[in-house]
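Here the structure comes first, spelled out in structure tokens, and everything after it is commentary.
The values are calculated or read from the model by the stated rules, or taken from the named source; none is laboratory data. Keep in mind that this is a model prediction, so the values were computed, not measured. Neighbour counts are summed over all protein chains in view; Cβ atoms, including those assigned to glycine, are modelled from backbone coordinates with ideal geometry.
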There are 2 protein chains.
Amino acid sequence: MPDFNENTVDDGKAISRAVIKRLPRYYRYLGDLLNENVDRISSSELSARMHVTASQIRQDLNNFGGFGQQGYGYNVEYLHTEIGKILCLNREHRMIILGAGNLGQAIANYQGFKRRGFILAGVFDVRPSQKGKDVAGVPVRMMDELPDFLSQNPVDIAILTMPEEHAQHAADTVIASGVKAIWNFAHLDLVVPRDVVVENVHLSESLMTLSYNLGKLGR
Amino acid sequence: MPDFNENTVDDGKAISRAVIKRLPRYYRYLGDLLNENVDRISSSELSARMHVTASQIRQDLNNFGGFGQQGYGYNVEYLHTEIGKILCLNREHRMIILGAGNLGQAIANYQGFKRRGFILAGVFDVRPSQKGKDVAGVPVRMMDELPDFLSQNPVDIAILTMPEEHAQHAADTVIASGVKAIWNFAHLDLVVPRDVVVENVHLSESLMTLSYNLGKLGR
């Protein structure tokens with residue numbers, strides 16, 4: 001196996017947002033290849049699978065010092081691991097879900113997250129009827145227990161799957177306890193300090209984009 | 001009220017994908033303003049609410065012939081309606097959900113969709129235990145009933161909330177029956193004909209983006 005040590009990622013180098021956005025997709029395809037016991041792959045083979053040009057792939061991966069080698073292709077496991085590191089998947093993330101409805105349960109039960117080190121540490125809801133209910137092996141706690149819980153348990157990511165009217169207050173609560181990352185499914189844009197990162201999943205906006213594209217077909 | 005007739009949208013004009021992607025967010029904010037009984041708003045007020053520059057707002061909305069008027073601002077209801085038309089929200093969409101698990105149920109129960117004309121026409125699953133179960137007022141049918149159902153019921157959008165190993169087959173089935181739009185939550189990229197539109201919600205990729213941004217905070 002070639003020695004890649006001199007090609008490790010230079011954190012000081014700015015990588016464009018567009019490239020970063022494509023990394024999770026590379027990571028997914030490389031994971032599929034690993035599951036199929038594929039050791040190495042050329043940029044043209046990867047290109048055919050991903051429906052991206054080979055030149056785009058080479059350009060993207062060159063951002064990280066270039067993991068490929070002429071005539072050899074990419075070492076799948078190495079590339080998967082390195083991209084995983086860039087995405088910080090080589091460390092454990094402890095998550096809490098705020099809102100134990102269907103969406104919260106769907107996320108709690110997705111096995112892929114646990115496999116990648118995203119650990120469900122707690123589930124919270126405002127509805128007394130939900131108290132103590134088992135969600136993916138974790139008992140539902142009441143929202144008013146949240147500050148105490150956070151003071152005793154390290155949490156990296158708060159997932160907001162509650163109705164939008166409670167979401168900002170919930171965000172304020174977890175931020176006050178030092179949580180720095182919010183995965184927001186509520187239909188609003190949260191106001192947060194600069195040192196907190198938010199990733200939004202606005203489902204209704206995704207559906208409207210689909211509706212737009214469907215409408216365009218008929219034009 | 002000013003006459004906007006000469007400013008209606010020119011469908012022949014190409015609107016950039018970036019602008020289109022922002023429209024659902026404008027639509028959401030304008031809907032909130034309507035709920036607050038706000039009749040009109042200046043680009044600077046809208047800018048402050050949306051955390052987007054006023055110049056960006058003027059540029060974006062100018063793409064549609066410009067709905068604003070100097071010294072008057074934007075007519076909220078008019079703009080909301082016009083953007084709704086561009087997003088094809090002025091027509092009804094009939095949807096089916098394939099996969100009656102937590103995620104399928106979460107989508108089925110989201111009231112906002114129905115309010116915008118997205119009608120749930122059917123819910124399907126492969127698990128016999130789910131047969132006949134009520135999901136948002138619709139009985140769960142078995143997947144093998146799908147072709148018959150599609151031959152008798154017009155469906156615009158198929159929502160794939162099933163495990164990824166069944167998703168391509170399900171997509172092929174609905175496409176064979178003439179469905180032109182797929183909202184895909186399964187963790188794969190579907191292969192579809194050119195005249196079919198797909199909007200992906202890859203939750204694990206969204207979570208990886210959050211993980212990346214969280215990691216960047218600490219660097």
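Here B:Tyr110 passes the criteria (1) buried (at least 21 other Cβ atoms within 10 Å of the Cβ); (2) assigned by TED's automatic domain parsing to the domain that holds B:Asp156; (3) modelled with pLDDT under 95 except the one numbered (1).
Going through the stretch B:26-43 one residue at a time, which ones are without any contact (Cβ under 8 Å) to a residue 24 or more places away in the chain and surrounded by 13 or more Cβ atoms within 10 Å (Cβ to Cβ)? If the condition is that a residue be without any contact (Cβ under 8 Å) to a residue 24 or more places away in the chain and surrounded by 13 or more Cβ atoms within 10 Å (Cβ to Cβ), then B:Arg28, B:Tyr29, B:Asp32 are the ones that fit. Among the residues of the stretch B:31-48, none qualifies, meaning not one is at pLDDT 90 or above, within 13 Å of chain A (Cβ to nearest Cβ) and not in a helix (DSSP H, G or I). Filtering the stretch B:90-120 to residues that are part of a strand (DSSP E or B), touching a helix residue (DSSP H, G or I) at 6+ places or on another chain (Cβ under 9 Å) and either free of Cβ contacts under 8 Å to residues at least 40 places away in the same chain or more than 8 Å from chain A (Cβ to nearest Cβ) (or both) leaves B:Met95, B:Ile96, B:Ile97, B:Leu98, B:Phe118, B:Ile119, B:Leu120.
Residues in the stretch B:155-167 that are within 13 Å of another protein chain (Cβ to nearest Cβ), touching a strand residue (DSSP E or B) at 6+ places or on another chain (Cβ under 9 Å) and of a type outside the set (Ser, Thr, Tyr): B:Val155, B:Asp156, B:Ile157, B:Ala158, B:Ile159, B:Leu160, B:Met162.
List the number of the failed condition for A:Glu145; all other conditions in (1) part of a helix (DSSP H, G or I); (2) farther than 22 Å from A:Ile175 by Cα; (3) modelled with pLDDT of 95 or more hold. If we test A:Glu145 against (1) part of a helix (DSSP H, G or I); (2) farther than 22 Å from A:Ile175 by Cα; (3) modelled with pLDDT of 95 or more, just (2) comes out false. The criterion of being at pLDDT below 95 and surrounded by fewer than 21 Cβ atoms within 10 Å (Cβ to Cβ) does not hold for B:Gly132.
Checking each residue in the stretch A:68-92 for being modelled with pLDDT of 90 or more and in contact with a Ser or Thr (Cβ under 6 Å, 6 or more places away or on another chain) picks out A:Leu87, A:Cys88. A count restricted to the stretch A:168-219 and to residues that are more than 10 Å from chain B (Cβ to nearest Cβ) and closer than 20 Å to B:Glu205 by Cα stands at 1. Considering the stretch B:120-129, and only residues there that are out of contact with any Gly (no Cβ under 9 Å at 6 or more places or on another chain) and surrounded by 15 or more Cβ atoms within 10 Å (Cβ to Cβ), the residue that is farthest from B:Asp148 (Cα to Cα) turns out to be B:Ala121.
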